1. Report the net charge of residues surrounding HIS74, where surrounding means a beta-carbon distance below 15 angstrom and charges are Lys +1, Arg +1, Asp -1, Glu -1.
2. Along Cα→Cβ, 7 Å out, is where each label goes; now give me the distance between the ones at GLU79 and THR31 in nm to one decimal.
3. So for the pair VAL66, GLU40, with labels modelled 7 Å out along Cα→Cβ, what separation do we get in nm?
4. Considering only the other residues whose Cβ falls under 9 Å of the Cβ of PHE114, what net charge follows from Lys and Arg at +1 and Asp and Glu at -1?
5. Put a dot 7 Å past each Cα toward the Cβ at ALA92 and GLU115; how far apart are the dots in nm?
6. Among residues other than SER103 whose Cβ falls under 15 Å from its Cβ, what is the net charge (Lys/Arg +1, Asp/Glu -1)?
7. Give me the percent relative contact order of the range 20-117, please, defined on Cα pairs under 8 angstrom at least 6 residues apart.
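Every read-out reported here was derived from the displayed coordinates using simple, explicitly stated rules and does not represent laboratory data. It should be emphasised that the depicted structure is a prediction, and the values quoted were computed from it without experimental measurement. Using ideal geometry, Cβ is built from the backbone for each residue, glycine included, and neighbour counts are taken over all protein chains shown.
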Amino acid sequence: MVQPMRWLVLLTLLASPATADPAKVIAVKATPSGGAWRFEVTLSHGDTGWDDYANGWRVTNETGTVLGTRVLAHPHVDEQPFTRSLSGVRIAHGVKRVWIETSTLPEGWGDARFEVDLR
């Protein structure tokens with residue numbers, strides 16, 4: 001009975017969906033623009049198609065409040081790393097840093113935060 005159980009465990013592991021690594025922030029350029037901020041974020045992710053790709057990034061403050069979100073509407077299989085921008089992000093006067101967080105399909109928002117110095 002032990003032998004068939006080993007095969008069952010192995011087959012279960014092989015049948016489980018593979019999960020991709022979270023999208024990695026490679027670079028961020030933050031520029032003040034007309035009372036708000038513009039962010040250009042370069043990401044890298046092993047996009048494989050519509051079922052597994054980096055589908056967004058967001059700007060948050062120190063407490064995790066979302067200040068702006070950039071939705072990525074399609075996979076970037078043949079364009080890695082890639083840069084996308086977001087304008088009109090309102091940040092309170094005196095804030096010295098924000099963070100970028102990334103999201104992928106199917107995993108969702110990751111735990112990693114990339115710190116951006118606004119000084």
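1. On the way: positive: ARG70, ARG84; negative: ASP47, ASP51, ASP52, ASP78, GLU79.
So the surrounding residues net to -3.
2. For GLU79 paired with THR31, the spin-label model returns 1.9 nm.
3. Placing both labels 7 Å beyond Cα along the Cβ direction yields 2.5 nm.
4. 0
5. Distance between label points: 1.9 nm.
6. Numbers: positive: LYS24, ARG58, ARG70, ARG84, ARG113; negative: ASP21, ASP47, ASP51, ASP52, GLU101, GLU107, ASP111.
Result for the neighbourhood of SER103: -2.
7. It rounds to 32 percent for the range 20-117.
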